[in-house]
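Contents: one structure, followed by commentary.
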Amino acid sequence: MQTRWLRHSGASDLIVLFGGWALGAAPFEHLAGDQDVLFVDDFRDLGELPDLSAYAHKAAVTYSFGVAAFCHFSQRTNIEFNRRVAVNGSHAPVDRKLGIPPVIFDKTADTLSDVNFQSFLALCHGSEQPHQSIEVAARQEELWKVKERGSALAPAFDRIWISTADRIFPTANLKRAWADQANVITEIDAPHVPFALWSNWSEVLS
């Protein structure tokens, strides 16, 4: 895992943000709030987080492949999160019924290129996006590691956001993945990257 601070002001509250694959922090940078924000991505391995003991309140916001990464990470960490939120991701990231179907996943990994990545971005956001470069070999390696790591036991989440226009994780699969936590699911009319709906972290955490 790679970590970097998006906001580090000495606040008493912290958000640990497990991001998605190859998108970086850009989808989240407009979100305002008083919390410090630690961004985590690159799930080729699941390492450690820095010392977070100074924070009185810690929330985990997990997105896309960051959901499965957090589920695996939470099985072996002693960090206590006061609130957990999942956005458009599954504890079974590559699964015909609970995640991204393996045939689609494998094709994405096998054919990854700079050109194909721009098409992927358009699917994520629901519209064409400015060109974004990608390290093809590194991101292919990350995809295969996600598939190899497989599914994880899921902790209880306080809110699970599912986009009805998600073209990366099928909406029906996400509903099945979280059937045992259906009471905390909220469906939203948004693409796979839904964060334009919100302006403040408090809305994501609600």
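The values are calculated or read from the model by the stated rules, or taken from the named source; none is laboratory data. Keep in mind the model is a prediction, meaning the values are calculated, not measured. Here Cβ is always computed from backbone atoms with ideal geometry, including for glycine, and neighbour counts include all displayed protein chains. Remember, those area values only see protein heavy atoms, side chains included, never the ligands or the DNA or RNA. Shrake-Rupley method; radii C 1.70, N 1.55, O 1.52, S 1.80 Å.
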| message | Yes or no: region 156-172 includes at least one residue that is without any contact (Cβ under 8 Å) to a residue 40 or more places away in the chain and touching a Lys or Arg at 6+ places or on another chain (Cβ under 8 Å). | response | no
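For region 134-160: of the residues being β-branched (Val, Ile, Thr) and assigned to a helix (DSSP H, G or I), which is most open to solvent (accessible area, probe 1.4 Å)?
Restricting to residues being β-branched (Val, Ile, Thr) and assigned to a helix (DSSP H, G or I), the top hit is 136.
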| query | For residues in region 110-126 being in contact (Cβ under 8 Å) with a residue 12 or more places away in the chain and over 18 Å from the mean Cα position of the chain (by Cα), which is surrounded by the most Cβ atoms within 10 Å (Cβ to Cβ)? | reply | 112
| query | Of all residues in region 49-78, which are touching a residue at least 40 places away in the same chain (Cβ under 8 Å), assigned to a loop (DSSP other than H, G, I, E, B) and closer than 18 Å to residue 155 by Cβ? | reply | 49, 64, 75
| task | Inspect region 2-25 for any residue being under 19 Å from residue 73 (Cα atoms), among the basic types (Lys, Arg) and out of contact with any helix residue (DSSP H, G or I) (no Cβ under 9 Å at 6 or more places or on another chain) and give the result as yes or no. | result | yes
| request: Find the residue count for region 1-31, including only residues that are at positive phi and open to solvent by 60 Å² or more (accessible area, probe 1.4 Å). | output: 1
| task | Confirm whether residue 82 is under 19 Å from residue 161 (Cα atoms), surrounded by fewer than 24 Cβ atoms within 10 Å (Cβ to Cβ) and not hydrophobic (A, V, I, L, M, F, W, C). | result | yes
| request: Examine region 171-179 for a residue that is surrounded by 17 or more Cβ atoms within 10 Å (Cβ to Cβ) and in a loop (DSSP other than H, G, I, E, B), and state whether such a residue exists. | output: yes
| message | Checking residue 47 against (1) under 17 Å from residue 5 (Cβ atoms); (2) at pLDDT 95 or above, only one condition comes out false. Which one? | response | (2)
| said: When you check residue 193 against the structure, is it in contact (Cβ under 8 Å) with a residue 12 or more places away in the chain and in a helix (DSSP H, G or I), yes or no? | reply: no
| Subset tally (residues that are surrounded by fewer than 13 Cβ atoms within 10 Å (Cβ to Cβ) and either outside any helix (DSSP H, G or I) or touching a residue at least 60 places away in the same chain (Cβ under 8 Å) (or both)) for region 89-109 | 1
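Yes or no, residue by residue, for (1) closer than 22 Å to residue 161 by Cβ; (2) touching a His at 6+ places or on another chain (Cβ under 8 Å):
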residue	(1), (2)
87	yes, no
100	yes, no
104	yes, no
108	no, no
116	no, no
124	yes, yes
130	no, no
